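Undergrad: Supplied in structure tokens, the structure appears directly below.
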Amino acid sequence: MNSKNLKILLSLFTLNSVSLYLYFSSHPDHHHHLHRNRSPVYHYSLTENNSHHLSITVKPWPILPSYLPWSQNPNVPFRSCEAYFGNGFTQRVDPLKPISETNRKLGSGGGGGGAGWFRCFYSETLRSSICEGGRIRMVPERILMSKGGEKLESVIGRGEDEELPNFEAGAFEIEVSDKTRNGKRLVHEEFLNNYVQEGAIDRHTMRGLVDSIRLADSTEFICSEWIEEPTLLVTRYEYANMFHTVTDWYSAYVASRVTGLPNRPHLVFVDGHCETQLEEMWRALFSSLNYAKNFRGPVCFRHAILSPLGYETALFKGLTENINCQGASAHDLWQNPDDRKTARLSEFGEMIRAAFDLPLDRHHVPKPVAGHNVLFVRREDYLAHPRHGGKVQTRLSNEQQVFDSVKNWALKHSDCKLNIINGLFAHMSMKEQVRAIQDASVIIGAHGAGLTHIVSATPGAVILEIISSEYRRPHFELIAGWKGLEYHPIYLSGSYADPPVVLDELKRILKSLRC
């Protein structure tokens with residue numbers, strides 16, 4: 001190992017150690033219960049209120065080459081790249097502060113009764129909050145929605161309204177020691193309007209969750225089980241769409257980093273959606289996955305984090321706002337910070353690859369022995385959700401013809417070896433999809449959610465998007481720019497692409513790659 005790599009490893013180790021210290025010093029309930037978290041997989045104990053304490057082995061954060069610290073910095077400039085993509089959640093508000101360590105010791109039952117707390121970190125740039133709290137109880141029977149997690153085939157025809165949560169008062173509760181506050185709201189309308197704004201969202205489920213939180217004294221705070229490790233609470237809308245799911249993944253990742261979690265959190269879906277292929281990635285990214293309605297009774301979280309809606313990320317807001325950011329390497333930004341550059345999407349893409357144990361070192365990512373992989377991301381029919389007919393919208397009417405033309409031309413190309421990859425993603429596992437993206441030198445595709453995978457592309461990959469006249473939207477041009485990837489569009493007058501035009505553009509790209 002050379003001295004440069006050794007310095008990087010030592011720096012990352014130091015950052016991780018500091019993060020652990022900051023987490024346990026700033027989350028009082030975890031400091032008090034640290035000894036409980038040294039249990040084996042699925043370890044139960046009957047202690048507090050005779051409830052099960054469930055401690056599940058958590059996954060550590062991987063070492064990411066593009067990682068930069070997520071420490072709280074109140075001086076992050078408004079609408080800078082870090083404010084959009086990183087830790088711009090600089091305004092802290094505490095609706096319920098933790099009681100002092102001395103008062104906690106006076107709590108009954110040795111469990112720190114009444115030690116609940118709740119706070120939010122607000123981003124003026126994104127107009128969104130990441131909230132977290134301790135000693136939070138979820139009562140599934142007070143959340144009106146379908147069970148969630150079912151096989152798709154068993155719920156065909158189910159309406160979307162049945163899957164989105166409606167929260168009754170007290171669907172979530174926080175323990176307090178003051179009995180006079182029992183049953184009172186945690187926050188009122190003014191707080192919600194300031195920090196959990198509806199924006200253009202007709203039904204803001206995370207706002208509804210926060211609005212449902214009530215305070216409960218220890219006599220009312222009864223749990224069927226406790227989750228000891230930090231847990232993300234996530235509500236989703238367009239859960240079967242790759243682009244919108246990537247915004248949810250990114251929001252969950254950012255929430256985990258902003259709150260300084262020392263390991264990857266557990267995940268609870270507070271919605272009633274059925275299973276999709278995309279759950280494979282959710283399970284890979286986080287320590288475990290469950291659905292709110294799958295718990296048998298009230299469940300209590302030692303530490304819960306509320307993940308903002310994917311609509312509130314820069315990935316989505318960039319479709320309507322001018323987010324003038326350019327992708328750059330973390331190494332360059334560490335040495336020369338620049339408010340107009342970011343490495344956060346590269347960091348996130350590495351997190352996705354690391355979740356599947358794929359190599360991360362940009363200098364040692366294995367490429368084909370000879371030549372280049374050209375990945376053609378295809379759009380194909382598949383059943384996406386209960387209200388879907390199984391047919392996808394045509395964005396490129398002669399897609400098969402274009403693919404065949406590229407494949408046949410590559411067979412005759414003598415300057416270098418080309419491997420044309422048929423990206424039938426609907427019939428590939430998520431790990432296979434991510435690996436195909438990682439191994440690609442050129443990624444071609446018609447405008448469609450599958451191209452969102454370019455968030456995991458490696459440095460130097462080139463994007464060639466074929467855009468019909470009906471779907472001229474900037475999703476993938478933006479992502480490519482925010483990652484610092486070369487991007488080439490082909491604009492069509494309709495939905496038909498002339499194969500020679502596609503081939504000419506591909507030839508120019510390959511020539512730039514010395515092929």
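Undergrad: Go through region 471-493 residue by residue and tally those that are at pLDDT below 95 and either over 24 Å from His244 (Cβ atoms) or in contact with a Lys or Arg (Cβ under 8 Å, 6 or more places away or on another chain) (or both).
TA: So the answer is 1.
Undergrad: Quick test for you: out of Leu506, Leu513, Leu485, pick the one residue that is in contact with a Cys (Cβ under 9 Å, 6 or more places away or on another chain) and either in contact (Cβ under 8 Å) with a residue 60 or more places away in the chain or closer than 30 Å to Ala83 by Cβ (or both). Lay out the reasoning, then the answer.
TA: Working: Leu506 fails: in contact with a Cys (Cβ under 9 Å, 6 or more places away or on another chain); Leu485 fails: in contact with a Cys (Cβ under 9 Å, 6 or more places away or on another chain).
So the residue among Leu506, Leu513, Leu485 that is in contact with a Cys (Cβ under 9 Å, 6 or more places away or on another chain) and either in contact (Cβ under 8 Å) with a residue 60 or more places away in the chain or closer than 30 Å to Ala83 by Cβ (or both) is Leu513.
Undergrad: Using the structure shown, decide if Ile466 is of a type outside the set (S, T, N, Q), assigned to a strand (DSSP E or B) and in contact with a Lys or Arg (Cβ under 7 Å, 6 or more places away or on another chain).
TA: On the way: of a type outside the set (S, T, N, Q): yes; assigned to a strand (DSSP E or B): yes; in contact with a Lys or Arg (Cβ under 7 Å, 6 or more places away or on another chain): no.
So Ile466 does not fit the description; no.
Undergrad: So, Phe316, is that one within 20 Å of the chain's Cα centre (by Cα) and among the hydrophobic types (A, V, I, L, M, F, W, C) or not?
TA: Details: within 20 Å of the chain's Cα centre (by Cα): yes; among the hydrophobic types (A, V, I, L, M, F, W, C): yes.
So Phe316 passes the test.
Undergrad: I'd like to check something: does region 174-183 contain any residue that is of a type in the set (S, T, N, Q) and within 20 Å of Asn290 (Cα to Cα)? Explain how you work it out, then say what you get.
TA: The first filter runs over region 174-183 and keeps only residues of a type in the set (S, T, N, Q), leaving 177, 180, 182.
Adding the requirement that they be within 20 Å of Asn290 (Cα to Cα) leaves none.
No, every residue in region 174-183 fails to be of a type in the set (S, T, N, Q) and within 20 Å of Asn290 (Cα to Cα).
Undergrad: Could you please let me know if Leu358 is part of a loop (DSSP other than H, G, I, E, B), within 21 Å of the chain's Cα centre (by Cα) and at pLDDT 90 or above?
TA: On the way: part of a loop (DSSP other than H, G, I, E, B): yes; within 21 Å of the chain's Cα centre (by Cα): yes; at pLDDT 90 or above: yes.
Spelling it out, Leu358 is indeed part of a loop (DSSP other than H, G, I, E, B), within 21 Å of the chain's Cα centre (by Cα) and at pLDDT 90 or above.
Undergrad: Any idea which residue in region 434-463 is farthest from Lys511 (Cα to Cα), counting only those that are assigned to a helix (DSSP H, G or I) and open to solvent by 10 Å² or more (accessible area, probe 1.4 Å)?
TA: First, the residues of region 434-463 that are assigned to a helix (DSSP H, G or I): 434-439, 449-456.
Applying the additional criterion that residues be open to solvent by 10 Å² or more (accessible area, probe 1.4 Å) yields 435-436, 439, 449-450.
On the way: Arg435: 24, Ala436: 22, Asp439: 19, Ala449: 28, Gly450: 26 Å.
Of everything passing the filter in region 434-463, Ala449 is farthest from Lys511 (Cα to Cα).
Undergrad: Could I ask something else about it? Tell me which of these Lys507 doesn't satisfy, since it passes every other one: (1) closer than 25 Å to Thr342 by Cα; (2) open to solvent by 30 Å² or more (accessible area, probe 1.4 Å).
TA: Of the numbered conditions (1) closer than 25 Å to Thr342 by Cα; (2) open to solvent by 30 Å² or more (accessible area, probe 1.4 Å), the odd one out for Lys507 is (1).
Undergrad: Evaluate region 131-139: report whether one residue or more is among the small types (Gly, Ala, Ser), touching a residue at least 60 places away in the same chain (Cβ under 8 Å) and in a strand (DSSP E or B).
TA: Step one: of region 131-139, the residues among the small types (Gly, Ala, Ser) are 133-134.
Cutting the leftovers down to touching a residue at least 60 places away in the same chain (Cβ under 8 Å) gives us 133-134.
Retained after the next criterion (residues that are in a strand (DSSP E or B)): 133-134.
Yes: one or more hits.
Undergrad: Could you go through region 226-240 and let me know if any residue there is of a type in the set (D, E, K, R) and within 30 Å of Phe425 (Cα to Cα). Please lay out each step first, then the result.
TA: Residues of region 226-240 that are of a type in the set (D, E, K, R), as a first pass: 228-229, 236, 238.
Within this subset, residues satisfying the condition of being within 30 Å of Phe425 (Cα to Cα) are 236, 238.
Yes; the residues of region 226-240 include at least one that is of a type in the set (D, E, K, R) and within 30 Å of Phe425 (Cα to Cα).
Undergrad: Here's another thing I want to ask about it. Has region 147-157 got any residue that is open to solvent by 70 Å² or more (accessible area, probe 1.4 Å) and either among the aromatic types (Phe, Trp, Tyr) or in contact with a helix residue (DSSP H, G or I) (Cβ under 6 Å, 6 or more places away or on another chain) (or both)?
TA: Checking region 147-157: at least one residue is open to solvent by 70 Å² or more (accessible area, probe 1.4 Å) and either among the aromatic types (Phe, Trp, Tyr) or in contact with a helix residue (DSSP H, G or I) (Cβ under 6 Å, 6 or more places away or on another chain) (or both).
Undergrad: Is there a residue in region 411-419 that is open to solvent by less than 70 Å² (accessible area, probe 1.4 Å) and on the phi > 0 side of the Ramachandran plot? Break it down stepwise before answering.
TA: Of the residues in region 411-419, the ones open to solvent by less than 70 Å² (accessible area, probe 1.4 Å) are 413, 416, 418-419.
Next, only the ones that are on the phi > 0 side of the Ramachandran plot stay: none.
Checking region 411-419: not a single residue is open to solvent by less than 70 Å² (accessible area, probe 1.4 Å) and on the phi > 0 side of the Ramachandran plot.
Undergrad: Still on this structure: Show me the helices (runs of 4 or more DSSP H) entirely contained within region 160-230 in which 2 or more residues are open to solvent by 40 Å² or more (accessible area, probe 1.4 Å) and not hydrophobic (A, V, I, L, M, F, W, C).
TA: Working: elements: 160-163, 189-195, 205-212.
Output list reads 160-163, 189-195.
Undergrad: A further question on this structure: Out of everything in region 409-467 that is among the basic types (Lys, Arg) and free of Cβ contacts under 8 Å to residues at least 60 places away in the same chain, what residue ends up being nearest to Gln277 (Cα to Cα)?
TA: At the first step, the residues of region 409-467 found to be among the basic types (Lys, Arg) are 412, 417, 431, 435.
Narrowing the set further to residues that are free of Cβ contacts under 8 Å to residues at least 60 places away in the same chain leaves 412, 417.
Details: Lys412: 37, Lys417: 33 Å.
It comes out as Lys417.
Undergrad: Let me ask something else about it. Could you tell me whether Ser429 is at pLDDT 95 or above, in contact with a helix residue (DSSP H, G or I) (Cβ under 7 Å, 6 or more places away or on another chain), exposed (fewer than 15 other Cβ atoms within 10 Å of the Cβ) and within 30 Å of Leu285 (Cα to Cα)?
TA: On the way: at pLDDT 95 or above: yes; in contact with a helix residue (DSSP H, G or I) (Cβ under 7 Å, 6 or more places away or on another chain): yes; exposed (fewer than 15 other Cβ atoms within 10 Å of the Cβ): yes; within 30 Å of Leu285 (Cα to Cα): yes.
Criteria met by Ser429.
Undergrad: Let me ask you something else. Against the condition aliphatic (A, V, I, L, M), open to solvent by 10 Å² or more (accessible area, probe 1.4 Å), in a strand (DSSP E or B) and modelled with pLDDT of 95 or more, how does Val93 come out, does it pass?
TA: Working: aliphatic (A, V, I, L, M): yes; open to solvent by 10 Å² or more (accessible area, probe 1.4 Å): yes; in a strand (DSSP E or B): yes; modelled with pLDDT of 95 or more: yes.
Yes.
Undergrad: Separate question: Take the conditions buried (at least 22 other Cβ atoms within 10 Å of the Cβ) and either touching a Cys at 6+ places or on another chain (Cβ under 7 Å) or not small (Gly, Ala, Ser) (or both) and apply them to Val406. Does it pass? Outline the logic, then answer.
TA: On the way: buried (at least 22 other Cβ atoms within 10 Å of the Cβ): no; either touching a Cys at 6+ places or on another chain (Cβ under 7 Å) or not small (Gly, Ala, Ser) (or both): yes.
It is false that Val406 is buried (at least 22 other Cβ atoms within 10 Å of the Cβ) and either touching a Cys at 6+ places or on another chain (Cβ under 7 Å) or not small (Gly, Ala, Ser) (or both).
Undergrad: Across region 96-127, which residue is least open to solvent (accessible area, probe 1.4 Å) among those that are modelled with pLDDT under 95 and among the hydroxyl-bearing types (Ser, Thr, Tyr)?
TA: Taking the candidates together, the pick is Ser100.
Undergrad: Then there is this: Can you list residue pairs whose Cβ atoms sit under 9 Å apart, with the first residue in region 331-346 being within 10 Å of Lys483 (Cβ to Cβ) and in contact (Cβ under 8 Å) with a residue 60 or more places away in the chain and the second being open to solvent by 60 Å² or more (accessible area, probe 1.4 Å) and not in a helix (DSSP H, G or I)? Count only pairs 6 or more apart in sequence or on different chains.
TA: Cβ pairs passing all conditions: Thr342/Gln326; Ser346/Pro65; Ser346/Pro459.
The values are calculated or read from the model by the stated rules, or taken from the named source; none is laboratory data. Please read these numbers as outputs of a predicted model, since none were measured by experiment. Glycine also receives a Cβ, built like all others from the backbone with ideal geometry; neighbour counts cover every protein chain displayed. Ligands, DNA and RNA are excluded from the accessible area calculation, which covers all protein heavy atoms including side chains. Shrake-Rupley method; radii C 1.70, N 1.55, O 1.52, S 1.80 Å.
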